[in-house]
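Quick notes on the structure that follows.
Laboratory data are not the source of any read-out in this text; all were calculated from the coordinates shown. What you see is a predicted model, and the numbers here were worked out from it, not measured in a lab. Cβ coordinates were reconstructed from backbone atoms using ideal geometry, including for glycine residues, and neighbour counts include every protein chain displayed.
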Amino acid sequence: MEKTKTARPQGSCPVCNGTGRTPAGDSQYKTIIAGYNKIDDTFACINCGGQYMYGKNTGQVFLRKDNNLPCVHEYKGENLGRCYNGYTCQHCGDYFTVDSGD
């Protein structure tokens, strides 16, 4: 059962302030982590699109249902099949699926 996304109001991502990038920090392994940019020492934001399978960070997120502010997602997962999982944000209802394969 695939849920469909509908056009809903969005705002600037509070994690990356709309840039789509977050500071990499001092991790000694940052250069081998996917999404790392050596030029500006940042990672792709995983709150505004980078969390989706093959997703691209956009700098925009859905607004929370309780206070109408841009969401910092907290996903709850459910198993939809052997290696197929669905994730729903507890605050804004954002939804995505991941098929990890066998």
Could you check which residue among Y87, Y75, Y29 shows the biggest mean-square fluctuation in a GNM of the chain with a 10 Å Cα cutoff? Y29
How much length is gained on full extension from I46 to D66, taking 0.36 nm per residue of separation minus their Cα-Cα distance? 5.0 nm
Quote to one decimal, in nm, the extra length available between M53 and Q28 on full extension: 0.36 nm per residue of separation minus the C-alpha distance between them. 6.4 nm
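When only Cα pairs under 8 Å and 6 or more residues apart are kept, what is the percent relative contact order across the chain?
The normalised contact order for the chain reaches 24 percent.
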For the chain, inverting the pair-averaged 1/r of distinct alpha-carbon atoms gives a Kirkwood value in Å of 14.7
Tell me the label-point distance for the pair A7, Y36, using the 7 Å Cα-to-Cβ offset, in nm and rounded to one decimal. 4.1
